[in-house]
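Please treat every number below as a calculation from the coordinates, not as lab data. Just so it is clear, the model here is predicted, and its values are computed rather than measured. Backbone-built Cβ (ideal geometry, glycine too); neighbour counts: all protein chains shown.
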Amino acid sequence: QQQVKQSPQSLIVQKGGISIINCAYENTAFDYFPWYQQFPGKGPALLIAIRPDVSEKKEGRFTISFNKSAKQFSLHIMDSQPGDSATYFCAASMSGNTPLVFGKGTRLSVIA
Amino acid sequence: SAVISQKPSRDICQRGTSLTIQCQVDSQVTMMFWYRQQPGQSLTLIATANQGSEATYESGFVIDKFPISRPNLTFSTLTVSNMSPEDSSIYLCSAYLDGYTFGSGTRLTVV
């Protein structure tokens, strides 16, 4: 059973455009929703995270939108740059002492 | 967040042998988590390691194949035993301290 469903699997965006990646979860006990960025040969790095008490969180060009009733959350990358080309994973967990459950990942390519 | 040092960063091993991966955290953490990332895939949880007790394994992973040690609150090891080419993956450890942190990963190739 896949607890976190991520889409699309791959995404091509023009430089300066908006990249949008979506995730849906099933377990209503999840209370922490991070996004990770991974470059080839590297471990995943935390990009931004949100908890269900807010509907949106913005850090620089990166924004998480959270819809608790729909059990969905999304990552928006504004003014996408070639350096943003990487694989992005959404994840969810119930608490700090429980493991993260990951989506399948989105391979983003930003082209000039 | 905690900082995790993971080693080795990569290794090429012969089938039938074992490799032990080490993770050292710069702070004391209750739980550590071990993941496998097969080529082009997402992270799959292998087990959760709590200091002082036996690790809890996810479906499809067994202790005989992936023994885990957690001798104290800052250290853990994962051993990949009796390796086959199908074990070729990136193995990552993780811990939670004001956020989840990951080691840089061990890229394992079994030949």
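Taking the convex hull of the Cα atoms, report for the protein assembly as shown its projected area averaged over all directions, in nm². If I average the Cα hull's projected area over directions, I get 12.1 nm².
Each residue of region B:64-80 was assigned a 3J(HN,Hα) from its phi angle through the Karplus expression (A = 6.51, B = -1.76, C = 1.60, θ = phi - 60°), giving 5, 8, 10, x, 10, 10, 9, x, 8, 7, 10, 9, 8, 10, 10, 10, 9 Hz with x at Gly and Pro.
The label point for residue B:24 and the one for residue A:58, both projected 7 Å from the Cα toward the Cβ, are 4.3 nm apart. Within chain B, B:13 have no other Cys Cβ under 4.7 Å of their Cβ and so lack a disulfide-compatible partner by this rule.
Computed over the alpha-carbon pairs of region A:1-68, the distance histogram in 10 Å steps reads 16, 49, 32, 4 percent, short to long. Please average, across the residues of B:42-49, the number of beta carbons from any other chain that are within 10 Å of each residue's own beta carbon, and give a whole number. Taking the mean over all residues of the peptide, I get 5. The charge dipole of chain B, taken about the Cα centre with unit charges on the Cβ atoms of Lys, Arg (+1) and Asp, Glu (-1), comes to about 240 debye, rounded to the nearest 20.
Normalising the average separation of contacting C-alpha pairs (under 8 angstrom, six or more residues apart) by the number of residues puts the relative contact order of chain A at 37 percent. Computed from point charges on the beta carbon alone (+1 for Lys and Arg, -1 for Asp and Glu), the dipole magnitude for the protein assembly as shown about its Cα centre is near 400 Debye. Normalised by the number of residues in chain B, the average gap of Cα pairs under 8 Å and 6 or more apart makes the relative contact order 39 percent.
Using θ = phi - 60° in the Karplus curve 6.51 cos²θ - 1.76 cosθ + 1.60, the 3J(HN,Hα) couplings for region A:103-112 round to x, 7, x, 10, 8, 9, 10, 9, 10, 6 Hz; x is entered for Gly and Pro.
Divide the volume of the convex hull around the Cα atoms of chain B by the residue count and you get 89 Å³ per residue.
What net charge do the residues around residue B:39 carry, taking every other residue with its C-beta under 15 Å from that of residue B:39, with Lys and Arg at +1 and Asp and Glu at -1?
Cβ neighbours under 15 Å give a net charge of +4.
Among B:111, B:3, the ranking by other beta carbons within 10 Å of each residue's beta carbon, starting with the fewest, stands as B:111, B:3.
Three principal axis extents describe the C-alpha atoms of region B:56-105; from largest down they are 36, 21, 19 Å. Coupling constants for region A:53-62 follow from the phi torsions by the Karplus curve (6.51 cos²θ - 1.76 cosθ + 1.60, θ = phi - 60°), and in residue order they are 7, 10, 9, 7, 9, 10, 9, x, 7, 9 Hz; glycine and proline get x.
Taking the Cα centre of chain A as reference, the dipole from Cβ charges on Lys and Arg (+1) and Asp and Glu (-1) amounts to some 160 debye.
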